[in-house]
Amino acid sequence: MTTCTDYGAVVYDLDGTLVRLAVDWDAAARDATSVFANAGVDAADADLWSLFETAPEHGLADELESVLAAHERRGAERSARLHLADRVAEWDVPVGVCSLNAEAACRLALDRHDLLDHVGAVVGRDSVSEHKPDPEPLLATLDRLGVDPASALFVGDSDRDAVTADRAGVAFEFVDAVQ
């Protein structure tokens, strides 16, 4: 198990790592598809992630972000705290959150579960121009914490998180490895 002295900072993914957002992803996908349909773009067979990826080429990125962020904020208000969240306050090094969710939703969930005061930086998908698995969000989190990537640990629950850490030159552990 990782200890507080092993790293100069710890950054967590949010959903599936510290909390479980109560997002109705089917409703979010329907609303996202409606954004495309209202713009005259056929997206009936697309999944939510592909809609997110193609929204900029149709001029729909801001509207789609607004729709998805609203769903995530509602999900954050009803989120469940996961076991690993109990460790956030134990670290004697800077702690950050780097998520593929909207920053406001991250902050709401962290606040709901009394974690926000223990987190020095929060970077969501809308905080920087790129999103995971690009290293930019993780590097931005570490920059805001004032920590060198080589001394940090990123804890997440997905292969996307592992790839992000690798690309950023940051040590990585899956959630199960640190519980």
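Picking from ALA70, ALA32, ALA27, ALA37, which residue would you name as being buried (at least 18 other Cβ atoms within 10 Å of the Cβ), in a helix (DSSP H, G or I) and at pLDDT 95 or above?
Values: ALA70 fails: buried (at least 18 other Cβ atoms within 10 Å of the Cβ); ALA27 fails: buried (at least 18 other Cβ atoms within 10 Å of the Cβ); ALA37 fails: buried (at least 18 other Cβ atoms within 10 Å of the Cβ).
Testing whether each residue is buried (at least 18 other Cβ atoms within 10 Å of the Cβ), in a helix (DSSP H, G or I) and at pLDDT 95 or above leaves just ALA32.
Given the criterion in contact with a helix residue (DSSP H, G or I) (Cβ under 6 Å, 6 or more places away or on another chain) and crowded, with 17+ Cβ neighbours inside 10 Å, identify the matching residue among LEU142, LEU116. Full working, then the answer.
Details: LEU116 fails: crowded, with 17+ Cβ neighbours inside 10 Å.
Of LEU142, LEU116, the one residue that is in contact with a helix residue (DSSP H, G or I) (Cβ under 6 Å, 6 or more places away or on another chain) and crowded, with 17+ Cβ neighbours inside 10 Å is LEU142.
Please enumerate the residues belonging to segment 133-157 that are within 14 Å of LEU100 (Cβ to Cβ), in contact with an Asp or Glu (Cβ under 7 Å, 6 or more places away or on another chain) and in contact (Cβ under 8 Å) with a residue 40 or more places away in the chain.
Answer for segment 133-157, where residues must be within 14 Å of LEU100 (Cβ to Cβ), in contact with an Asp or Glu (Cβ under 7 Å, 6 or more places away or on another chain) and in contact (Cβ under 8 Å) with a residue 40 or more places away in the chain: PHE154, GLY156, ASP157.
Kindly establish whether VAL67 is more than 21 Å from PRO133 (Cβ to Cβ), assigned by TED's automatic domain parsing to the domain that holds GLY156 and β-branched (Val, Ile, Thr). Spell out how you get there, then give the answer.
Working: more than 21 Å from PRO133 (Cβ to Cβ): yes; assigned by TED's automatic domain parsing to the domain that holds GLY156: no; β-branched (Val, Ile, Thr): yes.
Spelling it out, it is not the case that VAL67 is more than 21 Å from PRO133 (Cβ to Cβ), assigned by TED's automatic domain parsing to the domain that holds GLY156 and β-branched (Val, Ile, Thr).
Across segment 52-67, what is the number of residues that are surrounded by 19 or more Cβ atoms within 10 Å (Cβ to Cβ) and either at pLDDT below 95 or not in a helix (DSSP H, G or I) (or both)?
2
Would you pick out the residues in segment 74-130 that are β-branched (Val, Ile, Thr) and either part of a strand (DSSP E or B) or outside the structural domain of PRO149 (by TED's automatic domain parsing) (or both)? Don't jump to the end; show me each part of the working.
We begin by selecting, within segment 74-130, every residue β-branched (Val, Ile, Thr); these are 88, 93, 95, 97, 119, 122-123, 128.
Once the filter is applied, which keeps residues that are β-branched (Val, Ile, Thr) and either part of a strand (DSSP E or B) or outside the structural domain of PRO149 (by TED's automatic domain parsing) (or both), segment 74-130 yields VAL95, VAL97, VAL122, VAL123.
Going through ASP166, ASP161 one at a time, which residue ends up being buried (at least 20 other Cβ atoms within 10 Å of the Cβ), closer than 29 Å to THR54 by Cβ and out of contact with any helix residue (DSSP H, G or I) (no Cβ under 7 Å at 6 or more places or on another chain)? Outline the logic, then answer.
Numbers: ASP166 fails: buried (at least 20 other Cβ atoms within 10 Å of the Cβ).
Answer to the selection: ASP161.
Collect the residues in segment 131-160 that are assigned to a helix (DSSP H, G or I), acidic (Asp, Glu) and under 21 Å from ASP92 (Cβ atoms), keeping them in residue-number order. Show your work before the answer.
Taking segment 131-160 and keeping what is assigned to a helix (DSSP H, G or I), we get 136-145, 149-151, 159-160.
Checking the rest, the ones that are also acidic (Asp, Glu) come to 136, 143, 159.
ASP143, the sole residue that qualifies.
Do you know which residues across segment 40-51 are out of contact with any Ser or Thr (no Cβ under 8 Å at 6 or more places or on another chain) and assigned to a loop (DSSP other than H, G, I, E, B)?
Result: GLY40, VAL41, ASP42, ASP45, ASP47.
The values are calculated or read from the model by the stated rules, or taken from the named source; none is laboratory data. No experiment lies behind these values; they were computed from the predicted model shown. Quick reminder, even Gly has a Cβ in these numbers, built from the backbone with ideal geometry, and neighbours come from all protein chains shown.
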